[in-house]
Amino acid sequence: MSIKGERLKQHLEELAEIGKIGETGVCRLAHSKEDRKAVEVVKRWMEEAGLTTKIDGFGNLIGRIEGSQPDQPILILGSHIDSQPYGGRFDGTAGALGAIEVVHSMKENGVNPTRTIEVICFSDEEGCRFNKGIFGVRGLAGMLEEGELERQDKQGVTRREALKEFGVDSDMSPSPVYQKGDIAAFLELHIEQGPVLEQKKKPVGIVSGISGPIWLTVTLEGFAGHAGSVPMQMRQDALLGASDIIRRFDDLVKREGTETTVGTVGSMQVFPNSRNIIAEKVEFTVDLRDIDLEARTRLEEKLYKIIEESTAEYKLKVEIKEDTRSEPRYCADWIKDIMKEEDGKLGFDSPTLMSGPFHDALIMSYISDYGMIFVRCEKGISHNPLEFAEMEDIEKGVQLLYRTAVRISQS
Ligand SMILES: [Zn+2]
């Protein structure tokens, strides 16, 4: 009772040809021509696997196979096949094609599901084109926002127009498509996009949950002056204040964070940004995450204290804007238990780890119990053409997905 690794490999290779850039990269932006081409190819593979397919009003590709007890809550498997503009071959695709392989193998192995199974390739997970992602899954879960179809890409094309070009008459009215209780479980396999499994020398990991980020924008305001004339003691240098805060924030997370806390300042704007003017205004972002909400809150409070101290020391005004505050979402214990049991039978000895990045599963968690499987990827590199995962590792992950799906579909 196994999946067909060779077929999965062929599918991954063939899909990587669509929107290929360079030797190993892909660019399949949401709702683009390349995305459509990929959807067509993957749709054919779904049909070969015995699934009945459709593309819905959000651009999701959905395959369905009826269970012997269609009234039972269903099992959903899936991930995404759109990519970053300068992306890799495995992000999303390993899980999306892995899910199709699971259903195809079930059919070939004579496994008849009791529950209906759906395999979904969620539309626009990445969010780079319209600067807002996990679009398709939010449509399914009823979590779309006002003006979602009017968002524009860099060329001024709205999502509504892009979807039309993609071949979909966008229709938000069916949202939410699923109600609480419709879905028994959602399973997603994804490459880790981090270095933990590589470090632990394990091909596969069982995910404990997705840590929620806090995103802040901090603006510091001092006073501009000539770099040659204002004495050091009289300065109100916003860049100096920002540097102090950023270094102390890093120190705080390293010293007092848990094993799973991560804190990052990844973007900064300096005004007027001139070599001979003391910086008057600096804006920088903060990304703070942890699966442990209490730990995150504790560090957030300490960060505010640091900001207060630094701005007092450097005589700066400060404004803190909260852009995002999402809570950690935990995988269901009963699904993790099944995974651990099957993992034991396979002899993988897979560790449990949390997910720093979010995935389609984050949104699915609001309408269903969910479980996730991670596959080791080289040096944790992702969102980059250099992204790489060994086929052998992906096969092992999909094997675990298969066994978990069989158990849940027959329960
Ligand atoms: Zn992804």
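The values are calculated or read from the model by the stated rules, or taken from the named source; none is laboratory data. Predicted, not measured: the structure shown is a model, and the values here were computed from it. In this analysis, Cβ positions are derived from the backbone assuming ideal geometry, glycine residues included, and neighbour counts consider all displayed protein chains.
Observations
- Count of residues meeting criterion [part of a strand (DSSP E or B) and closer than 20 Å to ASP244 by Cβ] in region 285-303: 4
- Restricting region 113-130 to residues that are within 15 Å of GLY92 (Cβ to Cβ) and modelled with pLDDT of 95 or more, the residue that is farthest from the ligand (Cβ to nearest atom): VAL119
- Residue within region 135-145 that is surrounded by 16 or more Cβ atoms within 10 Å (Cβ to Cβ), touching a residue at least 60 places away in the same chain (Cβ under 8 Å), closer than 27 Å to ASP323 by Cβ and touching a Lys or Arg at 6+ places or on another chain (Cβ under 8 Å) present: yes
- Meets criteria (within 16 Å of the ligand (Cβ to nearest atom), in a helix (DSSP H, G or I), in the same structural domain as TYR370 (by TED's automatic domain parsing) and touching a residue at least 24 places away in the same chain (Cβ under 8 Å)) for LEU97: yes
- Which numbered condition SER310 misses (of (1) touching a Gly at 6+ places or on another chain (Cβ under 6 Å); (2) among the polar types (S, T, N, Q); (3) closer than 18 Å to GLY209 by Cα): (3)
- Any chance GLY347 is out of contact with any Gly (no Cβ under 6 Å at 6 or more places or on another chain) and at positive phi: yes
- Of all residues in region 290-319 being touching a Leu at 6+ places or on another chain (Cβ under 6 Å) and more than 23 Å from THR258 (Cβ to Cβ), the one that is surrounded by the fewest Cβ atoms within 10 Å (Cβ to Cβ): VAL318
- For the criterion of being surrounded by fewer than 24 Cβ atoms within 10 Å (Cβ to Cβ), β-branched (Val, Ile, Thr) and away from the ligand (no atom under 16 Å from the Cβ), ILE76 fails.
- The one condition in (1) away from the ligand (no atom under 15 Å from the Cβ); (2) surrounded by 18 or more Cβ atoms within 10 Å (Cβ to Cβ) that SER83 fails to fulfil: (1)
- Filtered residues of region 344-375 (kept if away from the ligand (no atom under 15 Å from the Cβ), assigned to a loop (DSSP other than H, G, I, E, B) and in contact with a Lys or Arg (Cβ under 9 Å, 6 or more places away or on another chain)): PHE348, ASP349, SER350, PRO351, SER365, TYR366, ILE367, SER368
- Looking at SER208, SER229, SER274, just one residue is among the polar types (S, T, N, Q) and closer than 27 Å to SER326 by Cα, and that residue is SER208.
Conditions (1) at pLDDT below 95; (2) under 20 Å from the mean Cα position of the chain (by Cα); (3) not small (Gly, Ala, Ser), marked per residue:
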| position | (1), (2), (3) |
| --- | --- |
| LYS20 | no, no, yes |
| HIS31 | no, yes, yes |
| LYS37 | no, no, yes |
| ALA49 | no, no, no |
| LYS54 | no, no, yes |
| PRO73 | no, no, yes |
| PRO85 | yes, yes, yes |
| GLY92 | no, yes, no |
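- Selected residue (only one of ASP91, ASP56 is within 22 Å of ALA361 (Cα to Cα), acidic (Asp, Glu) and away from the ligand (no atom under 16 Å from the Cβ)): ASP56
- Members of region 348-361 found to be closer than 16 Å to GLY133 by Cα and either buried (at least 23 other Cβ atoms within 10 Å of the Cβ) or touching a Phe, Trp or Tyr at 6+ places or on another chain (Cβ under 8 Å) (or both), listed by number: HIS359, ASP360, ALA361
- VAL282 vs. criteria of a type in the set (A, V, I, L, M, F, W, C) and not in a helix (DSSP H, G or I): yes
- The lone exception for GLY228 - which of (1) surrounded by fewer than 19 Cβ atoms within 10 Å (Cβ to Cβ); (2) in a strand (DSSP E or B); (3) in contact (Cβ under 8 Å) with a residue 24 or more places away in the chain it fails: (2)
- Taken over region 60-72, the criterion of being more than 16 Å from the ligand (Cβ to nearest atom) and buried (at least 17 other Cβ atoms within 10 Å of the Cβ) is satisfied by ILE62, GLY63, ARG64, ILE65, GLY67.
- Number of positions in region 160-195 that are modelled with pLDDT of 95 or more, away from the ligand (no atom under 16 Å from the Cβ) and among the hydrophobic types (A, V, I, L, M, F, W, C): 8
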